[in-house]
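All remarks here apply to the structure that follows.
The values are calculated or read from the model by the stated rules, or taken from the named source; none is laboratory data. What you see is a predicted model, and the numbers here were worked out from it, not measured in a lab. So basically every Cβ, Gly included, is an ideal-geometry build from the backbone, and we count neighbours across all protein chains shown.
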Amino acid sequence: MTIEERLENMEREVGRVKRRNRWLLGAILVLLGGLVAPGVFKTMITPVQAQVAGMSKEIRARVIHTKGIVIEDENGKICAGLAAGEFGPHLVLFDEKGAVRARLAADTDGPGLSLYDEKGPSRAALTVGKDGPSLTLDDENGEIRAALIASKDGPGLTLYDEKGYYRAGLDLSKDGSTLLLLDENRNPRAALCVSKDGPWLSLNDEKGNARFAAGKTELESPDGKTIEYPESSLILFGPDGKVIWSAIK
């Protein structure tokens, strides 16, 4: 699998995590807020316990149905909600204005923690899925700007622009480590790799075609034969992809 293919797989995984977080948050809010409360109960704690925990002496919990509970402060504002449904148990924490600030879930795809800013968008998410753990960091518009994934093939880091397209990727696998840089059109412009065969560097034009290569490189000649260049090689390519100059030591 090439570095481009691995980064594309990482991008798809990050998108899946993002869609999952948005869907689960909407589902849990409907579950917690869309039903009439059939009962309220209060639990008293000692002053010492309250002081240690930094909370009120009284905990107000409201059962909204057989699978959900909300916790209120002394003014009746909802501080937290706990629910369990077909997507698994979820805990949601609200701030003093009633905005969601954190969500902890353990659903069928694995556990996950999402953090939100005061305006609503998710700013960070930590999940553990079938392919391994992932951490995503978002901007103020909820767009992914950085993602760190540790899959079975190895760890990878991707950076995204304001449009949500990845622009840089760092990948580590059993075949080696690679740094890939892309332009605003998502064309790879530079790649640096250290593999078991040695290091190599490639610089591409705006169409993604190689224009410069250094290090051990394999090229296909016009007659279909494979030409192997050693580690101490410099190669320049023309716009048509043909070698126009090379130096080999």
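Could you please find all residues in segment 89-120 being within 20 Å of GLU140 (Cβ to Cβ) and among the charged types (D, E, K, R)?
ASP95, LYS97, ARG101, ARG103, ASP117, GLU118, LYS119
What are the residue pairs meeting all of these: first residue in segment 203-219, first residue closer than 17 Å to SER246 by Cα, second residue of a type in the set (Asp, Glu), Cβ atoms under 7 Å, and 6 or more apart or on different chains?
ARG211/ASP205; GLY215/GLU231; LYS216/ASP197; LYS216/GLU231; GLU218/GLU228
Please name all residue pairs, on different chains or six or more residues apart, with Cβ atoms under 6 Å, provided the first residue is in segment 237-249 and is touching a residue at least 24 places away in the same chain (Cβ under 8 Å) and the second residue is among the acidic types (Asp, Glu).
Filtered contacts from segment 237-249: no entries.
Filter segment 224-249 for residues that are in a loop (DSSP other than H, G, I, E, B) and under 14 Å from TRP200 (Cβ atoms) and give the result.
Result: PRO230, GLU231, SER232.
Under 8 Å by Cβ, and 6 or more places apart or on different chains, what pairs join a residue from segment 78-96 that is outside the structural domain of SER122 (by TED's automatic domain parsing) with one that is assigned to a strand (DSSP E or B) and among the basic types (Lys, Arg)?
What qualifies is HIS90/ARG103; LEU91/ARG103; VAL92/ARG103; LEU93/ARG101; LEU93/ARG103; PHE94/ARG101; ASP95/ARG101.
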